[in-house]
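I have placed the structure first, in the form of structure tokens, so that the comments after it can refer back to it.
The values are calculated or read from the model by the stated rules, or taken from the named source; none is laboratory data. Values in this document were obtained by computation on a predicted structure and should not be read as measured data. Neighbour counts run over all protein chains shown; Cβ positions are idealised from the backbone, glycine included.
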Amino acid sequence: MAMYKKTLQVALGLSIALLGTAAHATTTLTGTNVSYTFIETALGQFGTPAISGDSLVFSPTGFMATSSGTSSATDTVFVTVTANTGYQLSAFNLSETGGYSRSGDGSFIVAGIFGALDIEGPTNNNQNSLAVAIEALPGSFVSTSGSWAAQAAITLPATGWGGIDGNVGSVTLEISNQLFALAGSGSSSIYKDFVGISAFTTAVTPVPEAQTYAMMLVGLGLVGFMVRRTRARV
């Protein structure tokens with residue numbers, strides 16, 4: 001387990017370096033309350049995504065494992081999610097779907113990691129990182145052919161993330177996927193045709209600026225002056 005977490009932390013840390021490298025052109029898609037930034041040339045089998053509301057949607061076309069023996073397909077993408085002005089990040093959901101077919105005693109495995117790294121907080125040793133497993137939902141492979149679905153969710157801690165102000169404004173997500181087709185005595189094929197990331201936000205209470213504080217103090221001063229003046233007349 002320790003090695004698993006260590007591997008995730010290294011991978012997430014690497015994603016920040018990649019997204020910050022000028023040699024890699026980044027693309028940003030802006031939603032209702034968040035924006036998604038990624039390196040389009042590094043999306044591999046996930047394909048170019050589109051945005052819908054605050055969800056980033058991939059439509060893979062070649063993410064497939066098929067064999068008369070054992071076959072696998074694997075790929076990983078990194079996406080940085082940034083809250084738009086007035087909002088902060090609170091949670092993420094991942095949904096995936098695909099199809100499969102088999103003959104004989106063929107079987108399938110859907111696996112992977114859905115991870116999040118706070119890139120505003122203490123990044124030494126990637127302290128603020130979370131990871132959950134991506135697994136097919138129960139009942140996904142009960143027939144000789146059909147569809148499957150997988151889900152994963154991350155809820156950010158209430159405190160400790162987001163830097164000095166505690167508002168989580170930017171998080172890098174890792175979506176690492178593996179598909180396995182185990183043919184057994186027959187044949188098997190599995191593919192992925194949808195990957196969706198949904199970001200959830202909460203409104204940020206604005207902190208009054210210095211000018212606002214100054215105006216408040218002036219107002220309180222005037223109120224105090226008027227009170228004293230009224231008392232003096234009485």
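Out of curiosity, is Thr155 hydroxyl-bearing (Ser, Thr, Tyr), exposed (fewer than 15 other Cβ atoms within 10 Å of the Cβ), out of contact with any helix residue (DSSP H, G or I) (no Cβ under 6 Å at 6 or more places or on another chain) and more than 27 Å from Gly186 (Cα to Cα)?
On the way: hydroxyl-bearing (Ser, Thr, Tyr): yes; exposed (fewer than 15 other Cβ atoms within 10 Å of the Cβ): yes; out of contact with any helix residue (DSSP H, G or I) (no Cβ under 6 Å at 6 or more places or on another chain): yes; more than 27 Å from Gly186 (Cα to Cα): yes.
So Thr155 fits the description; yes.
Residues in region 79-102 that are among the small types (Gly, Ala, Ser) and crowded, with 21+ Cβ neighbours inside 10 Å: Ala83, Gly98. Only one of the numbered conditions (1) surrounded by 19 or more Cβ atoms within 10 Å (Cβ to Cβ); (2) at pLDDT below 95; (3) within 30 Å of Thr205 (Cβ to Cβ) is not met by Gln127, and that is (1). Summed over region 173-194, residues that are under 12 Å from the mean Cα position of the chain (by Cα), buried (at least 20 other Cβ atoms within 10 Å of the Cβ) and not charged (D, E, K, R) total 2. When region 136-161 is filtered for residues that are of a type in the set (A, V, I, L, M) and in contact (Cβ under 8 Å) with a residue 12 or more places away in the chain, the ones remaining, listed by number, are Ala136, Leu137, Ala149, Ala150, Ala152, Ala153, Ile154, Leu156. From the list Asp75, Asp105, the one residue that fits, being buried (at least 18 other Cβ atoms within 10 Å of the Cβ) and acidic (Asp, Glu), is Asp75.
The set of residues in region 28-43 being under 19 Å from Ser95 (Cβ atoms) and of a type in the set (Gly, Ala, Ser) consists of Gly31 alone.
Looking only at residues in region 49-72 that are among the β-branched types (Val, Ile, Thr) and within 16 Å of the chain's Cα centre (by Cα), the one that is surrounded by the most Cβ atoms within 10 Å (Cβ to Cβ) is Ile51.
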